[in-house]
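Every number in this text was worked out from the coordinates using simple rules, so none of it is lab data. As the structure is a prediction and not an experimental result, all values here were calculated from the model. All Cβ positions, even for glycine, are placed from backbone atoms using ideal geometry, and neighbour counts span all protein chains on display.
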Amino acid sequence: MIKVENLSKAFGAKLAVDDVSFEVSKGEVVGFLGPNGAGKSTTMRMITGFIPPTCGKISVCGFNMLEDPIPGKRRIGYLPESAPSYQEMTVRSFLKFAAEIRGLRGEECRRAVQRAVETCFLESVYNQTIDTLSKGFRHRTCFAQAIIHDPEVLVMDEPTDGLDPNQKHEARTLIRRMGENKAIIFSTHILEEVEAVCTRAIIIDRGRIVANGTPQELKARSESGRLEDFFRAITLPDTAHAVKEAA
Amino acid sequence: MSASAVIRIIARRELAAYFESPVAYVFLVIFLLLAGFFTFTFGGFFERGEASLGAFFAWMPWLFLLLVPAVGMRLWSDERRLGTIELLLTLPVTTWQAILGKFLASWLFLVIALALTFPVVITVNVLGDPDNGVIACGYVGSVLLAGAYLALSCMTSALARSQVVSFIIAVMLCLILILVGFNPVTDLLARWASPSVVESVAGFSVLTHFDGLQNGVIDTRDVLYFLSVIAFALFTTDVIIRSHRAG
């Protein structure tokens with residue numbers, strides 16, 4: 001469903017993403033791991049068509065995202081980092097906008113909004129403006145717009161960041177359930193989350209993919225059998241990177 | 001879904017955003033108060049002793065100078081500051097559709113503001129027997145003038161993340177477009193430049209082209225001038241947004 005080939009992105013002289021290739025097929029939930037600044041968000045922004053890559057190919061559901069992004073974009077649900085939304089709108093008008101802009105009309109649109117509201121437990125704040133909501137509700141509102149059109153592909157940048165333990169649990173359950181018939185890729189810093197939800201994990205460090213396998217496979221590659229130890233063994237902390245640069 | 005449908009949905013959301021915050025009403029009240037003040041006090045509406053809205057339209061380039069950038073300043077800077085631009089541009093819309101949708105919505109808002117000045121039209125019709133064709137022509141000119149200022153504000157708003165910065169640059173640009181055709185300035189220029197130079201410099205001014213329209217002459221060249229300022233500024237907006245995304 002998502003196919004990324006030799007993707008690179010340079011910001012000035014800095015190579016943020018360096019020759020990354022991977023695929024995500026239907027029924028897979030892929031965890032995208034890596035230290036801060038490794039290029040996770042940049043890769044996701046390129047997949048969703050927000051920023052153009054310096055070189056490489058991206059296709060979503062067989063549609064080329066670089067030459068003709070609109071059909072691909074129609075099939076993607078995207079939850080950007082920090083879950084932005086239009087503050088002055090009510091949850092209802094925001095979700096209605098999200099549904100209409102994706103071509104849902106009339107009864108179909110009404111049902112899509114209703115379903116998203118139920119899935120994300122937004123009934124109690126349905127008529128409130130978004131700037132009056134707590135962080136958890138804002139986050140869920142943005143998540144609701146990502147799934148409102150029942151997309152085949154779901155891209156989420158740190159979907160559980162800033163949620164409380166209950167909300168995290170709900171979000172994980174939801175992602176696992178939706179992963180059964182969608183292609184999902186999400187970034188996270190929480191390694192237990194990967195073990196709990198993902199069918200596969202991709203670890204990226206300084207723009208390059210350093211590991212790609214099921215959580216079990218990756219764990220087995222560490223002596224202690226823990227994902228965290230494996231992660232720390234193959235990625236460099238940003239301080240080490242800085243020391244190396246200075247030297 | 002057709003391009004016009006996408007533009008309509010974006011424009012509707014944008015227009016609703018104006019009215020969901022109190023700023024729109026504050027703007028309308030200030031605009032109407034100032035328009036009335038300029039017409040009846042500064043413009044000497046009664047002292048003129050003629051049944052026309054000359055006093056009303058003559059102030060439009062100056063009145064809009066501060067008010068139109070205030071309407072346009074949030075268009076793109078807010079999207080960037082809040083991160084909603086990432087949401088908007090990963091929806092199945094092209095950059096052009098987003099630019100046009102946002103521009104048309106705020107233009108429509110300014111048209112509504114102009115339409116609310118209808119009491120002056122009634123007043124002049126009750127007091128005398130004005131040429132209503134000239135008045136209609138003045139309104140057409142004002143709408144075009146507002147569009148030109150607005151497109152420039154839209155451009156500066158894509159340039160700066162801060163609304164204040166975008167407002168100040170927009171006011172400066174609009175002021176330049178006024179001053180190059182403002183009599184005191186052209187007189188100064190005429191002292192050392194040849195008349196043809198003075199004339200071509202003044203040809204870039206909104207005053208030069210607004211003059212005919214407010215006096216009831218619809219000249220294709222004047223209309224074309226305003227439309228080309230709009231087209232140029234929106235095209236530049238597209239270039240700016242693209243370059244931000246390319247990083």
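What the table shows:
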item: Meets criteria (under 20 Å from residue A:21 (Cα atoms) and of a type in the set (Gly, Ala, Ser)) for residue A:222; result: no
item: Matching entry among B:171, B:164, B:229 (being surrounded by fewer than 14 Cβ atoms within 10 Å (Cβ to Cβ), away from chain A (no Cβ under 14 Å) and either part of a helix (DSSP H, G or I) or free of Cβ contacts under 8 Å to residues at least 60 places away in the same chain (or both)); result: B:164
item: The range A:37-50 - residue that is surrounded by 22 or more Cβ atoms within 10 Å (Cβ to Cβ) and part of a loop (DSSP other than H, G, I, E, B) and, of those, farthest from the other protein chains (Cβ to nearest Cβ); result: A:38
item: Looking only at the range A:126-141, and only at residues there that are assigned to a helix (DSSP H, G or I) and of a type in the set (Val, Ile, Thr), the one that is farthest from the chain's Cα centre (by Cα); result: A:132
item: Within the range B:232-247, tally of residues that are exposed (fewer than 15 other Cβ atoms within 10 Å of the Cβ) and charged (D, E, K, R); result: 1
item: Candidate set from the range A:67-87 (those that are touching a strand residue (DSSP E or B) at 6+ places or on another chain (Cβ under 6 Å) and assigned to a loop (DSSP other than H, G, I, E, B)); member that is nearest to the other protein chains (Cβ to nearest Cβ); result: A:80
item: Output for the range B:1-46, where each listed residue is touching an Asp or Glu at 6+ places or on another chain (Cβ under 6 Å) and hydrophobic (A, V, I, L, M, F, W, C); result: B:9, B:17
item: Set A:62, A:106, A:27, A:56: member being surrounded by fewer than 20 Cβ atoms within 10 Å (Cβ to Cβ), touching a Leu at 6+ places or on another chain (Cβ under 7 Å) and more than 10 Å from chain B (Cβ to nearest Cβ); result: A:56
item: Residue within the range B:3-21 that is crowded, with 19+ Cβ neighbours inside 10 Å, away from every other protein chain (no Cβ under 14 Å) and touching a residue at least 12 places away in the same chain (Cβ under 8 Å) present; result: no
item: Residue list for the range B:87-131, restricted to those being farther than 30 Å from residue A:101 by Cα and outside any helix (DSSP H, G or I); result: B:116, B:117, B:128, B:129, B:130, B:131
item: Candidates A:94, A:22 - the one that is closer than 30 Å to residue A:217 by Cα, of a type in the set (Phe, Trp, Tyr) and crowded, with 17+ Cβ neighbours inside 10 Å; result: A:22
item: Residue within the range B:62-85 that is touching a strand residue (DSSP E or B) at 6+ places or on another chain (Cβ under 6 Å) and within 14 Å of chain A (Cβ to nearest Cβ) present; result: no
item: Total residues in the range B:188-215, condition buried (at least 19 other Cβ atoms within 10 Å of the Cβ) and either among the charged types (D, E, K, R) or not in a helix (DSSP H, G or I) (or both); result: 1
item: Test: residue in the range B:55-67 that is touching a Gly at 6+ places or on another chain (Cβ under 6 Å), among the aliphatic types (A, V, I, L, M) and closer than 25 Å to residue B:212 by Cβ; result: yes
item: The range A:51-65, subset outside any loop (DSSP other than H, G, I, E, B) and in contact with a strand residue (DSSP E or B) (Cβ under 6 Å, 6 or more places away or on another chain), residue farthest from residue A:17 (Cα to Cα); result: A:60
item: Cβ-Cβ under 8 Å pairs, at least 6 apart or on other chains, the range B:103-123 side farther than 15 Å from residue B:29 by Cα, far side among the aromatic types (Phe, Trp, Tyr) and surrounded by fewer than 21 Cβ atoms within 10 Å (Cβ to Cβ); result: B:105/B:18; B:106/B:18
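Matching residues to (1) away from chain B (no Cβ under 13 Å); (2) touching a residue at least 12 places away in the same chain (Cβ under 8 Å); (3) assigned to a helix (DSSP H, G or I); (4) not small (Gly, Ala, Ser):
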{"site": "A:95", "(1), (2), (3), (4)": "no, yes, yes, yes"}
{"site": "A:124", "(1), (2), (3), (4)": "yes, no, yes, no"}
{"site": "A:143", "(1), (2), (3), (4)": "no, yes, yes, yes"}
{"site": "A:150", "(1), (2), (3), (4)": "yes, yes, no, yes"}
